[in-house]
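Engineer: Structure incoming, see below.
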Amino acid sequence: DDITLLRMRSCLELVRTAAENIEELLANRTKALKVSRVDLGPSRLVKQEKEKEKRNRFIPDDFEFDPAFKRLVSFNTTGVHIPTDIYEGSTIILNELNWTEALEETFRINKEEDPSLLWQVFGSATGLTRYYPASPWIDTSSSPNKIDLYDVRRRPWYIQGAASPKDMLILVDAKYVRVSSLRSPSTLLTLSPQFNKSARPAACFQNLVQANVRNKRTLKNAVLNIKAEGITNYTSGFELAFQQLNQTNVSRANCNKIIMLFTDGGEEKAEEIFAKYNPNQAVRIFTFSVGQHSYDKGPIQWMACANKGYYYEIPSIGAIRINTQEYLDVLGRPMVYAHKTSKQVQWTNVYLDALELGLVITGTVPVFNYTGTTPQSKPKNQLILGVMAVDVSLEDIKRLTPRFTFGPNGYYFAIDPNGYVLLHPNLQPLVINTRTARFDEPVTLDFLDAELENEIKVEMRRKMIDGERGSYTISTLVKSQDERYIDQGQRTYTFTPVKDTDYSLALVLPEYSMHYIRAKIDDTITQAKFSESLMADKFDEYGYTFIAPRLYCNDLKPLDKNTNNTEFLMELNNYIDIKTPNDPNCNRDLVNRLLLDAGITSDLIKIWKGNELQHGVVARFVATDGGITRVFPKSAGLDWNEEAETYESSFYKRSLDNDLYIFTPAPNNESDGILVSRAVNLDIKGITLKPAGKDSDTLIMNIDCVFLDDGGFLVMSNQDDYNKKIGKFFGTINPSLMRTMVNVSLFTSISTYDYQSLCDPKEKVKSAAGLRSIYVVSYTSQRPYTQTHTFTLFHTRVYNFTHSCVKREMNETNVEPFVLVPLCRDPDSTPPADGPDPCEVALNPRYRKGPSFCFDKTENEKNHDCGGVSSLSPTLWLLVILQVALLWVVTDLRHQAIPS
């Protein structure tokens, strides 16, 4: 009783505390976004051009590695990035470099007031980026095209800060793209050619759909299949576009409404359509004259000017990137007129930081031109100068949601108004190399895709998006850590909104984690006794010992790839000897729980030493929540390959959810043994806890049948050929038998999709593949996700499979014995489907919420600039127009899920 304390756990209190901590973190970051009044410098700096060019190439000589930024930085200056396709010596850029230099002092003061601040960035409407602290820009030499295509105006945080969300449609001469976006400047896509007397969809979408990865991929494929034909009919195209924008039964942004027209020219103005559907210019029209031609540009310029839009010329492919992003300046006008009201801090969804910080969210606020404006007057200038931004690393948020107090199967998650997760244990986008990773797509993993969907989770997701509080206790399917198995377990979901944001936070706990053990070891003699059992020279006595690589103390370097576990264990022991476990720099709960488990498990090893290993058992081991794993005898620990972090160990987490002996064969026969584990129930004052797993590593020979575990993986066999395949899914060994077992309901197949994966291009094969678990489908590079087939065994005996097998009952295990049928591959077996049909998914869109603030009013705009004109000459091929639409959609309109 002096060592352990049992405390009742309040889910609501835990999630509220975590939400308040996140709220405080974001509020502190918000302070750094306060920008003082900005006065523009002189419009021309011709005499200083050479000096400015030299300064632009200045590289600090005091770069030092900073662990918070994970790269070289200099806190004495700011860094500047200018897009590749913008001339750095232009007067506009030189002027930007001049007046943004004042931000350096502001950034430095912010950092002094809050040392935990990460990147502070100003993104200019001209494309210039000034960031603090200074750091060498990313190396693009290893990127696919070896070109730096970074443009701050295309980043999700900039687009979110520069304009309100929008519903957008794109019309292309002879091709029509219908798009809408909710809380995002990216669009929601439908494609329709615009020929003859009518416009028709070219993609399968019949209304506005969300601009997520799947829908944009569908649009891209539809664009590639379009054939140019017929004549231009602006009336038909605009009429269909306005009808789509006027629909009220479709999930949408309900904020800015815009139509973009890409054409090589025409004589029609479609005045009747605009008079009918847009008398108050509530829908902005942007027109793009594509290619060099001799058509009259007057009609399409009039369309833009008469509908408070803008007219652009795109004479060549090289001008696409520049001209198709300037529409943000026009959409930002209502924000400028709203003045102080529009200076709301907005937080983005999670995305991959371009400067290799990892996954981040970003707070943004627009910066206006206040030149000649008094505090009592409205802004005289209609343009946004740019966007201020500050990053928050997901690692910082995770530290506010501690995981080591509520067991391996408990976790926090958070979602935004689109239902996308910004915090979840399954949020693990594949990044093989951050230097070659794609930064143009935000991470858009829906909560219902991160977990196995059911009706209650759909309802809970809606309530979280609406900012409600609540709690559900449900029985749900749970995917294992290694994604090889699916178990059924009871979970309690408790959720609450994060104030002053659009985020909602939830805590998920299994029933056995409602209580927990807190170790309290104040006696130095007991501390020394327990820590002694962790010494490397005591492995013969206490078994080979591993500890979980956790941050036990702030000044103790955590385990890295170049340090083995024994070295880390020795460093921790030395630290404890010098500073004691209760040092202020240490997490006392983590260290004391580790020592407590070390003491308990050391006594267990003493018992094992008095008993000989049973025949076929090559090792015994014990693993605990506190992070201790002991393998006995020591010699067996030398070949131990299991995860030292028990919170990330698949067999450990499965053992907690199943009151069975869990047999776990090594994947692909990587080990000669079979892992057998079972959780140890601990009863304290009538309360059952599962703080530790007690396990045996076994090798069993001379059996009579094939043994499969509850996931359909081969565990044991008396056939030499099959023994070489232990750990493989039985569907790849004998697809016909596996299919039969599924058909008679012995196993159930459950398909899930990993939308965070990147698949290799599909390879041609001569024969079809059989069923398998964790089936990674070979899609083309345009399908960045994988499909998983997981087979779950329901524990019912099927005796007709055992007529020629000596049945060996294995009660209270996850293993079933079966007789073999002759091995043959089913020629009719087929690989899994390509995933859910996006056309069918679009028919039942998931719930999402519109922006809290919308700045789309156009009535205050007077005599606004609507674009320039220049002479034009011969026509480009129609293919250029197709490329314009395609490039615009997949490059400029590519960021979604942006909270307001």
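The values are calculated or read from the model by the stated rules, or taken from the named source; none is laboratory data. Owing to the predicted nature of the structure, the values given are computational and were not obtained by experimental measurement. Every residue, glycine among them, receives a Cβ derived from its backbone with ideal geometry; neighbour counts consider all protein chains shown.
Engineer: Every residue in region 116-135 that is over 16 Å from G161 (Cα atoms) and in contact with a Pro (Cβ under 7 Å, 6 or more places away or on another chain), please.
Structural biologist: Within region 116-135, just A134 meets the criteria.
Engineer: Name the pairs whose Cβ atoms lie under 6 Å apart, with the first residue in region 222-247 and of a type in the set (A, V, I, L, M) and modelled with pLDDT under 85, the second in a helix (DSSP H, G or I) and crowded, with 18+ Cβ neighbours inside 10 Å, and 6 or more positions between them or separate chains?
Structural biologist: Sorted first by the residue in region 222-247, then by its partner, the pairs are V223/L886; A228/L878.
Engineer: Run down S475, S471 and say which single residue is touching a Cys at 6+ places or on another chain (Cβ under 8 Å) and surrounded by fewer than 16 Cβ atoms within 10 Å (Cβ to Cβ).
Structural biologist: On inspection, the qualifying residue turns out to be S471.
Engineer: Tell me, yes or no, whether region 610-620 has at least one residue that is in contact with a strand residue (DSSP E or B) (Cβ under 9 Å, 6 or more places away or on another chain) and crowded, with 21+ Cβ neighbours inside 10 Å.
Structural biologist: There is at least one residue in region 610-620 that is in contact with a strand residue (DSSP E or B) (Cβ under 9 Å, 6 or more places away or on another chain) and crowded, with 21+ Cβ neighbours inside 10 Å.
Engineer: Right, here's the next one. Among the residues of region 614-660, how many are under 19 Å from N409 (Cβ atoms) and at pLDDT below 85?
Structural biologist: Of the residues in that region, 2 qualify.
Engineer: Any residue in region 341-355 that's farther than 14 Å from Y158 by Cβ and among the hydroxyl-bearing types (S, T, Y): show its pairings with residues that are surrounded by 21 or more Cβ atoms within 10 Å (Cβ to Cβ) and modelled with pLDDT of 85 or more at Cβ separation under 8 Å, as long as the two are six or more apart or on different chains.
Structural biologist: As it stands, the answer is S342/P366, since those pairs meet every condition given.
Engineer: In the set R469, R462, R550, R491, which member is out of contact with any strand residue (DSSP E or B) (no Cβ under 6 Å at 6 or more places or on another chain) and not assigned by TED's automatic domain parsing to the domain that holds R630?
Structural biologist: Matching residue, one of R469, R462, R550, R491: R462.
Engineer: While we're on this one: Would you pick out the residues in region 582-597 that are under 36 Å from the mean Cα position of the chain (by Cα), within 16 Å of G626 (Cα to Cα) and either in contact (Cβ under 8 Å) with a residue 12 or more places away in the chain or not in a helix (DSSP H, G or I) (or both)?
Structural biologist: Across region 582-597, the qualifying residues are C586, N587, D589, L590, V591, N592, R593, L594, L595, D597.
Engineer: Same structure again: Just to confirm my filter: which helices (runs of 4 or more DSSP H) fall fully inside region 705-744 and include at least 3 residues that are at pLDDT below 80 and over 18 Å from A666 (Cα atoms)?
Structural biologist: Answer list for region 705-744: 735-743.
Engineer: Continuing with this model, one more query. Are there strands (runs of 3 or more DSSP E) fully within region 115-193 with at least 2 residues that are more than 25 Å from the chain's Cα centre (by Cα), under 30 Å from Q244 (Cα atoms) and modelled with pLDDT under 85? List them.
Structural biologist: Qualifying strands (runs of 3 or more DSSP E): 166-172, 175-178, 190-192.
Engineer: Hey, another quick one. Anything in region 268-290 that is of a type in the set (F, W, Y) and surrounded by fewer than 24 Cβ atoms within 10 Å (Cβ to Cβ)? List them, or say none.
Structural biologist: F274, Y277
Engineer: If we only count strands (runs of 3 or more DSSP E) wholly inside region 240-318, which ones have 3 or more residues that are within 26 Å of V209 (Cα to Cα)?
Structural biologist: Passing ranges, in order: 256-263, 283-290.
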